[in-house]
Amino acid sequence: MLRLLHLSAPLLARSALKRKSFMSIILFFLVICWRAAASIAWAVLLLPPSTAIFVILSKFSVLHPIQTISECFSMLTSATAIFSFILLCGVIIMVGFLNFEYYTVIPTIACSKIALFGQLLHPRQLVNSLVHCIMGMIVAWCSAVTIGFRYETLGHPCAQTDGYHQMCLNEYHLILLLGGAFVGFSHSLLGVIHNMNYVSFHTVQQYKYLRFKGCLPLVVKCSATQALYSVRNFIVVYYFLGYIPRTWICKTLNLHLGSSAHPLDSIAGLLDLSLLYHLWISATFLLFTWYITLLLFRIFLTEGYSFPVQSSFTEDADHCLPKVLTEKQPMILKFLALQDLALLSQHSPLRRCEVFSLSQPGGHPHNWNAISKECLSLLADLTQRLVAYHDTVATNGRAKSLSSGSERKTSSETSDFMSPRPTSPLTAPFTPDLDSPFMSPALRRLAAPVEQGSPWYGTVQSPHIMRRVKNFLAKRVLIVYLFNKLPEASSQALFADSQAHIWALEGLSYLVQASFSEDQFGVVQTTLPSILSCMLVLQEAVDRHFKLPHASSKPVRSTSSMGDSTYKTLRFALRATLKTAIYRITTTFGDHLNAVQLSAEHRKRLQQFLEYKE
Amino acid sequence: KEMYQSLDFSPPSLSFPRESLKLHSRTENSSKAAFLDHSETLWMRSAAAWRDGGLTGLLNEITNSHPEVPKWLSMSSGCILALLQWVSSFHGSLFPHLTLSSEDMIAEFSQVLNWSDCVVRAFAWHPHTDKFAVALLDDSIKIYNPKSATTPTLKHRLQRNVAVVQWKPLCASALAVGCQNCLLVWHVDPCSLSTRPSAGCAHVLSHPGHAPVTSIAWSPSGSLLVSASPMDTAMMVWDVAAESCVPLQRVGGGGVTFLSWSPDGSHVLASTPSALFRVWETRMWTCERWPCIKGRCQSGCWSPDGSRLLFTVQDEAVIYSLTFTNTPGPHAAVVVADLSETTFSTPDGDIIVGGEIQSLAWDPRGERLAVLLKGDPRAADRSPIIAVFKTRVSPIFELLPCGFVQGEPGAEPRLMQFHPNFRHGALLTVCWSSGRITHVPFYFLSASIPRLGLSGSPTLPHVQERPADFANQSLFTEFIS
């Protein structure tokens, strides 16, 4: 019997582990997939009104307004319109699916141009671009059919001089299709450059409808301007390379080139205002529907979710906040749990009460212990990361074998595809020879292409060889351009997941503040010394980091882009939150803090806060 | 009637004579006229006009350069310009304040009486320490700290016509400044010995169309900053460190003029130039609309626990009160004080007091309410005056007249604020038209023990009563009317 038990113990443990991950998957499906599906459904529901507006705008003529309206009505009820509308719905669903597949809550930040190229040429990204290209072409076909008129079909019958009829290529149709493909492709490229797959969380909570309404003007503006730029680029490309697809299409489909009109890759052909307008309006329509899908996805995904703090049923224990907080994967659930923690600590006394409560048999503060432990470990992890980074910078990149340890554990399943995270601090971004500090793994690939197992990861062998190689290559301008570290990129990358730390700081500090009057059993007091010292150590590390060059330079803010640039200022937000969090604790407890066990150094630091001198 | 008693803390009483300030008479684009006439090409001028004046500037430029542009172009741009002006004048007739210049607009909606003529234009106590910031007529801000010998002076290219300043709670250094074109957030290192912090210490926060800024409010938890402009229908919620903002837009009102965040952080009062104000709840940022009958909401203040809002309406001499409790349901504002004109006979003769209210201030413990009465500029014997009330918030709301605060002869009160954590009662700081800043203490024993709740309020934690301090001092010199 005893033996049996002995045997079954690991088995039990394994099945428990399985169950745990299974539960988190269930929660993931319940919450995340449901939200993604709802956002796609709303995007599809919003398609008819946006299509109607597009139809009106594309067919509008100043001279015959009434004719326009009647044309629009007959158009909207025709069979082709319904077919193309179904196609559009399919495209929207596909876009929503891609958003869901590629999104990340931790942005991937390329530290140099070559890393950015690495991201762009990654197979996963190539698939994405190809799909977007095809979808762009489909939307362009739909809009060509909708606009009708001379854009409707690819071939049209044309009369030769001898009266013999044959099919000619309709270049207007072709240029619209190619335009759609080009816009789709550039959308996918810009998505990588502007980190469009990054989903940021807002500090201001709003209801979904109000947030959507507030963002709508921005989406319209972004899609119109982006369409303008894309169409301009497309026209330049078509002017030079337009003959290639044209002749190819003619050959494969056995069509003739119409001899009557101007070929469209000439200046006279492209200076057709109506053509340019139709290109722009269909590109705007395309981008608008896609941006709306993206916006809805972001809004639905980042909506606050209220996890129960504790449950009276054991089978629900895995859905409770302390459990979800400690899970590593999926990252989005962890973020939602942290957000919920920050909100509950601020706004709901009842749920705080549950956090401070003791377990029924036993009387242990399990909830508080789990929450505080997870938050502290997050903060300690950031401190360690900052210290390691600072050390390597201080030793001028000559550190020995730090890189393998500093592999960031935070990469989520969704963000691991675009590799060159700032994996090795060896990249020494702020060394005095700043002319060509570079992504070492990438350079190694060039220097020794044979021995590369994993393309972008690895460790550095000898700094001496690297230095020589670097000096040799540094003379080439292109290489310098490619390998030059983008300023402040490594600082951004270091704080890429700092939203989690911000919530942890807020959650802890508000809970500690509330504990002053609400904590009946004094559960918080036991962890107060470790919370304070953890925050003070982090404060020191952050202060040191901001003394580095580039770390405190403010990034340029781009306003008219759908890419979210919140990650660029996360480090400033973290610094401010950290200081406020310490002040929140010191103002609440005041002189009582003298009774807390702290090291002499920390006490001195804390005194500065008590006197408002930080 | 003014008393001043120094205990262990004596804030400096300052004076800024008007003559001592170096004023500059700069107007917008004034440097342009000093240069010779330009002879640039049309394209250059159009580009410059587009950059400086936007669409209207460009149209103006095209319309005014007759010989160089084709006639149809100048004609059509003239037509578009006229149309735009017509539309904007129509808009202006709906909301008359839109036709004001930015300086007049600040003066109109400021909490400061007669702002444009004021030497001290804004004042702010630090929420936790005894330092304060003073914005002066010459667009500089000075920071006084009784514990330090240096008084940093803040100047910035964009810091013009300062309407409001406020320190960030739970922070030692950040000071937000609302001015004519933007918002500035200064970081004044309390340990630094520099008297002129560089412009690099200031972060500029601006949003197209959101100027002039007439009111700002920090959340008591120090995480968010809201700003309001009468020109912008949206109220901005800033995450200052991230330099990002969320516009909160609602139909109606035609702008936002005055903001006040409740000390417990749960509500924000936002008044508009029309007869309408809103009370936002800060969790999901939804709002309640409160239409007024007569005029716009001029001023407002919150009780320390955030459950009661006192506000005044333009052209009315009463104080209204609104309560915010968790129970939903219809509630209406009630009149709690009538301040219409009354004659008091004093040893110096009869004085007439009462009338329209400029601003309200409630002390952080909720025991004294100061009301700045506008007076009547045409009548000599009706100068502005501060009326003080004794108040109690719980268990039932009480408001009793307590006295008046007057300055030296000829000096009018312009601006007032309570010290956020005065230990012995309440300390009212008043800025006078003469450029003086004085502090009026009210010594009393707190009726209720200060709440140490989770309010995140900057005012609460350290307040402790020390009755022994006053045992043998003559304290009450307030006269009760």
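Would you mind calculating the relative contact order of chain B from Cα pairs under 8 angstrom and at least 6 residues apart, reporting the percent as a whole number?
Details: 1067 pairs, mean separation 54.1, N = 481.
That works out to 11 percent.
Can you run phi through the Karplus equation (6.51, -1.76, 1.60; θ = phi - 60°) for the stretch A:495-505 and list ³J(HN,Hα) in whole Hz, with x for Gly and Pro?
Result, rounded to whole Hz: 9, 4, 9, 5, 4, 4, 5, 4, 5, 4, 5.
Can you list residues whose amide H is under 5 Å from B:L137's amide H, if they're 5+ apart or on another chain and H is modeled 1.01 Å from N?
Under 5 Å from the amide H of B:L137 lie the amide H atoms of B:R121, each far enough along the sequence or on another chain.
Apply the Karplus curve 6.51 cos²θ - 1.76 cosθ + 1.60, θ = phi - 60°, to the phi angles in the stretch A:221-231 and return the couplings in whole Hz, x for Gly and Pro.
My calculation for the stretch A:221-231 gives 5, 4, 5, 5, 5, 5, 4, 4, 5, 5, 5 Hz in order.
At q = 0.10 Å⁻¹, what is the log10 ratio I(q)/I(0) for the stretch A:19-302, with the Debye formula run over Cα points and no solvent?
Computed log10 I(q)/I(0) values: -0.60.
Spelling out what I want: for every residue of the stretch B:217-230, take phi, set θ = phi - 60°, compute 6.51 cos²θ - 1.76 cosθ + 1.60 (Karplus), and round to whole Hz; glycine and proline get x.
With the stated coefficients, the stretch B:217-230 comes to 8, 7, 6, x, 7, x, 8, 10, 10, 10, 9, 9, 9, x Hz.
Note down the magnitude of the dipole of the stretch A:19-302 about its Cα centre, charges +1 on Lys and Arg C-beta and -1 on Asp and Glu C-beta and zero elsewhere, to the nearest 20 debye. Write out the running numbers ahead of the final one.
On the way: 15 positive and 7 negative charges, 245 e Å.
In total the dipole reaches around 1180 debye.
Starting from the Cα gyration tensor of the stretch B:42-94, take the square roots of the eigenvalues, sort them a ≥ b ≥ c, and report rounded, prolate or oblate (rounded when a/c is under 1.5, otherwise prolate if a/b is larger than b/c, else oblate).
Because a/c hits 1.5 or more and a/b fails to exceed b/c, the stretch B:42-94 counts as oblate.
Express in whole angstrom the spacing between the alpha-carbon centres of the stretch A:118-191 and the stretch B:105-149.
63 Å
Using amide H atoms built in the peptide plane, which far-off residues or other-chain residues are under 5 Å from B:F258 H to H?
The list, which skips near neighbours in sequence, is B:S271.
Mind checking the mean number of beta-carbon atoms from other chains within 10 Å of the Cβ atoms in A:209-219?
On the way: counts 0, 6, 2, 0, 1, 5, 1, 0, 2, 1, 0.
The mean count of partner-chain Cβ atoms within 10 Å per residue comes to 2.
How well do other chains shield peptide A:567-580, expressed as the mean number of their Cβ atoms within 10 Å of each residue Cβ? Spell out each step's value before the answer.
Numbers: counts 1, 2, 5, 2, 2, 6, 7, 2, 1, 9, 3, 0, 7, 9.
Whole-number average of other-chain Cβ neighbours for A:567-580 is 4.
Compare the Cα positions of B:A135, B:A228, B:H207 along the charge dipole of the stretch B:102-249 (+1 at Cβ of Lys, Arg; -1 at Cβ of Asp, Glu; about the Cα centre) and return the one farthest towards the positive end.
It is B:A135.
With N denoting the number of residues in the stretch B:102-249, provide Rg(C-alpha) divided by 2.2 N^0.38 Å, to two decimal places. Walk me through the numbers before you get to the answer.
Numbers: Rg = 14.3 Å, N = 148, 2.2 N^0.38 = 14.7 Å.
In units of the globular-protein estimate, the stretch B:102-249 measures up at 0.98.
Tell me the net charge near A:L295. Cut-off is 15 Å between Cβ atoms, A:L295 excluded, with +1 for each Lys or Arg and -1 for each Asp or Glu. Mind showing how you got there, number by number?
Details: positive: A:R35, A:K208, A:R211, A:K213, A:K221, A:R298; negative: A:E303, A:D564.
Value of the local net charge: +4.
Relative contact order, percent, of the stretch A:19-302 when contacts are C-alpha pairs under 8 Å separated by at least 6 residues? Before the final figure, lay out each step's value.
Details: 293 pairs, mean separation 79.1, N = 284.
For the stretch A:19-302, the relative contact order is 28 percent.
With r defined as the distance between the Cβ atoms of A:E315 and A:T526 and R0 fixed at 22 Å, what FRET efficiency is calculated, to the nearest 0.05? Each step should come with its number before you reach the end.
Numbers: r = 30 Å, r/R0 = 1.37.
After rounding to 0.05, the efficiency reads 0.15.
Take the residue pairs A:K323/A:K579; B:K147/B:K168; A:K208/A:K568; B:K131/B:K168; A:K579/A:K613 and return only those whose Cα atoms are more than 18 Å apart.
Numbers: A:K323/A:K579 28 Å; B:K147/B:K168 20 Å; A:K208/A:K568 25 Å; B:K131/B:K168 13 Å; A:K579/A:K613 11 Å.
Exceeds cut-off: A:K323/A:K579; B:K147/B:K168; A:K208/A:K568.
Calculate for chain B the 222 nm mean residue ellipticity that helices alone would give, adding -39,500 (n - 2.57) per DSSP H run of length 4 or more and normalising by residue count, nearest 500 deg cm²/dmol.
Numbers: 3 runs with 55 residues, N = 481.
Result for chain B: -4000 deg cm²/dmol, rounded to the nearest 500.
Computed over the Cα atoms of the stretch B:48-188, what is the convex hull's projected area averaged over all directions, in nm²?
That works out to 11.6 nm², a quarter of the Cα hull's surface.
Sort A:66-73, B:187-194 by the packing proxy (mean of other Cβ within 10 Å over each peptide's residues), most packed first.
Details: A:66-73: 12.9, B:187-194: 14.4.
Highest mean packing first, the order is B:187-194, A:66-73.
For B:T286, what residues show an amide H to amide H distance below 5 Å, using hydrogens built from the backbone and excluding near sequence neighbours?
Result for B:T286 returns B:E281.
Counting chymotrypsin sites (Phe, Trp or Tyr not before Pro) as exposed when in a DSSP loop with at most 14 other beta carbons within 10 Å, what is the longest stretch of chain B free of them? Write down the numbers at each step before the final one.
Details: sites that count: B:Y4, B:F9, B:F35, B:F476, B:F479.
Longest gap between qualifying sites, sites excluded: B:36-475.
Considering every residue in B:170-180, what mean count of other chain Cβ atoms within 10 Å of its Cβ is obtained? Mind showing how you got there, number by number?
Values: counts 11, 6, 8, 4, 3, 0, 0, 0, 0, 0, 0.
Across B:170-180, the average partner-chain Cβ count within 10 Å equals 3.
Rule-based calculations on the coordinates, nothing more; no lab input. All values reported here derive from a predicted model rather than from experimental measurement. No Cβ is skipped: glycine too gets one built from the backbone with ideal geometry, and neighbour counts run over all protein chains shown.
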